[in-house]
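This report refers to the structure that appears directly beneath it.
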Amino acid sequence: MKLTQRAPGTAFLFCIAVVLFLDLALCGVHADDKPITWWTTHALEKTQPLDPIPREPANSVELWAARNEFEPFQIVLRADGQDLPEVDIEVTDLAGPKGTIPAKNNVTIYFVAYITLKVPSSIEGAAGDWPDPLIPRIDRYTGEKRNAFPIRLAAGRNQTVWIEVYVPLATPPGEYTGSALITVGGAAYAAIPITLHVWNFALPSTSSLKTSFGFNGVAAVKQHFGKYTNDHDILRLVQMYQKSALLHRISIHGGSMIPPRIDRGGTAFDWSAYDIEVGPFLDGTILTDKDPLPGAKATTADLRLPPELTDDQNRPYYRQWIQHFREKGWLDRLFYYLRDEPRIETYRKVAEKGRAAHRADPEVRNLVTAALNRSLEGAVDIWVPLINCFQMKPGFPPYCEQLAPREAYGRELASGKGLWWYQSCASHGCNIIGDEYFRGWPSYMIDAPPVANRILQWLAWKYGIEGELYFSMNEAFGRAGDPWDSVSLFGGNGDGTLFYPGRPARIGGASDIPIESIRLKLIREGLEDYEYLDLCSQLGLGELAESSSKSIASHIYQWDHRPETLYALRRKMGDALSEKDASGVVPRAVETTSKTTPKTDAVVRVLP
């Protein structure tokens with residue numbers, strides 16, 4: 001994508017426009033009449049409605065980002081004295097030394113909605129109103145304007161606006177400036193300066209850390225339309241939600257849950273409908289040069305079998321999956337979700353099922369959410385243990401029936417097996433308010449500390465984990481009630497639910513869309529952080545990556561909760577990578593998609 005170049009004098013005219021805006025703002029608001037208090041903050045702050053105004057509120061925004069990266073910030077608004085309607089925010093283009101970053105296509109403004117939590121998720125959480133759903137001014141999926149703006153500010157209550165900037169791949173490095181413009185009743189009120197420093201390197205469009213997050217298309221249709229309608233609605237909604245996930249560097253499993261069709265009385269799959277659903281994501285064509293993360297590909301795909309068939313009846317279908325994915329060039333991303341969290345007493349049956357899949361075709365890769373154990377060896381190709389089953393937390397009894405530390409997987413990895421991991425209600429306490437044991441684990445809960453939503457990807461790099469699995473992104477869609485009223489499941493606020501149903505009756509517009517959560521945004525931030533670590537390891541900065549991961553975390557359950565620490569480490573890596581790229585070394589990750597070539601470290605990694 002080419003940037004629009006400024007004509008001579010345009011930057012000067014832009015500055016004059018902002019000055020005039022400020023003059024109008026001063027004329028429209030008396031010096032002793034300040035209807036709005038506002039301040040800015042970074043993405044790792046969850047501002048609740050009744051939080052006090054900071055002692056030294058920030059009044060500008062300064063960001064650092066690579067090309068092909070999103071970087072968010074927040075503006076908090078507060079009406080003083082009485083309710084204030086018709087408050088709005090827009091962002092100007094960001095002007096740089098060799099062009100602009102147009103706001104229309106690269107800046108998204110969200111109204112932050114609040115979810116009322118009746119009980120805390122754990123000892124680290126709290127009841128009350130918490131920020132989470134993000135309603136866009138204009139959505140990326142249909143281009144429709146929604147009803148969140150302009151805002152009516154309630155007196156004495158904070159209202160947060162989330163703003164994310166995407167830096168296109170073709171953006172020249174350098175400093176870019178613009179403003180966030182606040183208006184009241186259409187009149188200018190304030191201009192907030194924005195400075196964006198674009199580093200001289202790019203992130204890959206496709207995530208270097210494999211992901212597979214569950215999504216239930218049938219539940220989505222029922223939430224959006226009140227009942228099951230038809231397969232067309234499922235496929236339409238699934239594509240939109242899957243696109244949203246990919247824009248957050250996440251691949252899904254489940255989807256429409258519709259396996260390839262089988263002709264009546266036959267055994268051959270008809271792949272046409274399946275390929276229409278998943279092909280653009282596996283081929284990297286769903287996101288074009290006009291989108292962020294152009295060419296991004298799904299890093300995983302789940303093998304779907306007709307649920308009513310036995311293992312023997314499924315045997316020919318395993319072979320067809322392998323053959324079709326090999327022909328399409330997708331085989332390295334296919335896995336068979338053999339069993340979720342099997343109990344020890346079922347291991348024998350699980351192993352038999354896995355071996356049956358291997359007999360049908362030895363290239364079937366079986367995935368099981370279990371820690372390494374001899375009962376399943378030979379039947380499992382991708383081990384996915386719970387993060388709690390990697391390390392015992394001192395002072396507490398073992399949480400897991402079977403625990404296998406990272407070094408125990410060495411032999412399996414050497415033989416070509418995979419190692420992913422996952423977090424669950426074990427991070428906050430399953431169906432309880434978690435006690436002291438549950439302090440410190442990475443967590444995707446609404447009331448978890450913000451860094452807890454972003455740290456797991458740092459830990460994945462630290463411990464040499466290849467992928468992350470999460471059981472669902474829309475679990476609350478399949479339950480009674482409206483996710484906008486409650487997403488409390490399994491003792492956690494937001495457990496298994498990273499989306500909200502964007503129905504026109506609630507958000508305005510004419511079309512249904514996904515509503516993303518702050519937690520989903522922070523997971524993407526963590527996946528971007530992983531790319532920094534991975535790029536450092538490729539470009540001779542392995543020691544910097546190692547020291548950064550050690551500085552922020554000593555154990556899975558013990559890491560620095562301070563946003564300032566994370567941002568400082570990211571900034572240090574970004575500066576170093578920018579200098580490396582500027583010296584003429586071009587990282588493979590500048591390509592829009594990640595490759596499967598192994599990463600080469602400048603130092604030998606000794607994993608914990």
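Numerical summary
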| quantity | calculated |
| --- | --- |
| Nonlocal amide H pairs with residue 262, under 5 Å, H built at 1.01 Å | 270 |
| ³J(HN,Hα) computed for each position of the stretch 367-377 - Karplus, 6.51 cos²θ - 1.76 cosθ + 1.60, integer Hz, glycine/proline x | 10, 9, 7, 7, 6, 3, 7, 5, 4, 9, 4 |
| Under Karplus coefficients 6.51, -1.76 and 1.60, residue-wise ³J(HN,Hα) of the stretch 459-468 in Hz, glycine/proline x | 5, 4, 5, 4, 9, x, 8, 8, x, 10 |
| With every protein chain in place, the stretch 336-386: carbon and sulfur % of accessible area (1.4 Å) | 44 percent |
| Amide proton proximity set for residue 129, modelled H, under 5 Å, gap of 5+ | 117 |
| Rounded tilt (10° steps) of 10-28 against the dominant C-alpha axis of the chain | 70 degrees |
| Long-range HN-HN contacts of residue 296 with modeled amide H, under 5 Å | 287 |
| Tensor-based shape of the stretch 176-281 (alpha-carbon gyration tensor, a/c under 1.5 rounded, otherwise prolate or oblate) | oblate |
| Reported label for calculated Rg and Dmax of the Cα atoms in Å given (i) 24.6, 81; (ii) 30.3, 103; (iii) 32.7, 118 | (i) |
| Accessible surface, the chain, averaged per residue in Å² (probe 1.4 Å) | 40 Å² |
| Environment charge at residue 257 (Cβ cut-off 11 Å; Lys +1, Arg +1, Asp -1, Glu -1) | -2 |
| Between 0 and 90°, nearest 10: helix 231-247 axis offset from the chain longest Cα axis | 70 degrees |
| Mean ellipticity per residue at 222 nm, deg cm²/dmol - from DSSP H runs of n ≥ 4 across the chain, formula -39500 (n - 2.57) | -8500 deg cm²/dmol |
| Cleavage-rule hits, trypsin sites (Lys or Arg not before Pro), the stretch 66-121, DSSP coil, Cβ neighbours within 10 Å at most 16 | 98, 118 |
| Positive minus negative residues near residue 83 (Lys, Arg vs Asp, Glu; Cβ under 12 Å) | +1 |
| For the stretch 43-55, 3J(HN,Hα) per residue [Karplus equation, 6.51 cos²θ - 1.76 cosθ + 1.60, θ = phi - 60°, Hz, x = Gly/Pro] | 6, 8, 9, 10, 7, 8, x, 9, 4, x, 5, x, 4 |
| On Cα atoms only, tilt of 563-582 relative to the major axis of the chain in degrees | 90 degrees |
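The values are calculated or read from the model by the stated rules, or taken from the named source; none is laboratory data. What you see is a predicted model; the values in this text were computed from it and never measured. Ideal geometry is used to build each Cβ from the backbone, glycine not excepted, and the neighbour counts take in all protein chains shown. The accessibility values were calculated without ligands, DNA or RNA, using every heavy atom of the protein model including side chains. Shrake-Rupley method; radii C 1.70, N 1.55, O 1.52, S 1.80 Å.
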